[in-house]
1. Roughly how much of F221 is accessible, in Å² to the nearest 10, using a 1.4 Å probe?
2. Tell me the relative contact order for region 95-193 as a rounded percent, counting alpha carbon contacts under 8 Å between residues six or more apart.
3. So what's the back-of-envelope 222 nm ellipticity for the chain, counting only DSSP H runs of four-plus at -39500 (n - 2.57) apiece and dividing by all residues, rounded to 500?
4. Could you calculate the FRET efficiency of V146 with H282 from 1/(1 + (r/R0)^6), where r is the beta carbon distance between them and R0 is 41 Å, rounded to 0.05?
5. Run the numbers for E102 and V138: contour at 0.36 nm per residue of separation, minus the present Cα-Cα distance, in nm.
6. Taking the Cβ-Cβ separation of A183 and R300 as r and a Förster radius of 30 Å, what is the calculated FRET efficiency to the nearest 0.05?
7. Express in nm, to one decimal, how much length is gained between S46 and A224 on full extension, taking 0.36 nm for each residue of separation and deducting their alpha carbon distance.
8. Apply the Kirkwood formula to region 135-262: the hydrodynamic radius equals the inverse of the mean of 1/r over all pairs of different alpha-carbon atoms; give it in Å with one decimal.
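The values are calculated or read from the model by the stated rules, or taken from the named source; none is laboratory data. Note that this is a predicted model, so its numbers are computed, not measured. Cβ atoms come from the backbone with ideal geometry, glycine included; neighbour counts cover every protein chain shown. Just so you know, the surface numbers come from the protein's heavy atoms only, side chains and all, with ligands and any DNA or RNA stripped out. Shrake-Rupley method; radii C 1.70, N 1.55, O 1.52, S 1.80 Å.
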Amino acid sequence: MAFDLDALRAAVAAHGRVARVVIAAVRGSSPREVGAAMLVWDGGQSGTIGGGALEYAAARRALEGAVGLSHHALGPEMGQCCGGAVSLLTEVYDAEVVTRLEDEVIARPVSGGAMPLAVKRVLAEARGQGRRPEAQLVEGWMIEPVALPARSLWIWGAGHVGRALVDVMTPLPDMAITWVDTAPERFPEAVPEGVTVVPAANPADLVRHAPRGAEHLVLTFSHALDLELCHRLLEHDFAFAGLIGSATKWARFRSRLAALGHPPERIARITCPIGAPELGKHPQTIAVGVAAQFLRRAQRAKKEEDLSA
């Protein structure tokens, strides 16, 4: 988990003083992990630390002005079945405080005191080796990496499936979404915050502007445009490319892409169909399946990174 500085800035701009409650430590079973956070203001909140009695009590305490570290046994105190215990850090932010949060890792004392050597080591490793630390409570200091859009996702097509995908994918962590279609009227009036909308008469011309490490979902209204996008992507390179369609559509596309000069092993880098076809063809079920596919890919990448560290 990471400190979503953009969300905090937006909440402070909209509501003035905002409390942030983050899970600082966990013992045993807990509904959320260390670093999970929520924002609370008079009349509303966003994010979640797991819901239920813990979240309700934490939000109430934040609105009553409680700050600092608190400890909660989920079973005896909250009546929750998790059986573990959590430590919550509640902090209040306003425009002045938020302007001071500029580093890629936010480390601050929970109860005062000079920065311990253990915290200095974590920060030095983050700066010197470029390794982002996990959210953690270290000798009375809370350390959290600032959330960065680590994954660049390009969604090609703003039809029913494209809209469902944007709605489902936007809340996922570390995701920066670029949404492309042929004209402004193809997009809904309300677009989720943080999504970059790009109308283009010929969307395929934009492929060369995508980062080579980007991930792509191709689902336009036109099979001809889908094919052109796949062709351009294979020429450009990518981290992942998924195409909406049936086995018949993909068989035809493989043949046509081969005719355009792409070898079989390169064509095989495109995933078709996307998501979990067994869930059905409703736009929302496709979006849920694709989101699960992306989360599994992220978990595999993290495990590989941990093994190589």
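1. Counting only protein heavy atoms, the figure is 130 Å².
2. 23
3. -10500 deg cm²/dmol
4. So the FRET efficiency works out to roughly 0.65.
5. Difference between extended and current length: 10.9 nm.
6. 0.20
7. 59.9 nm
8. 16.0
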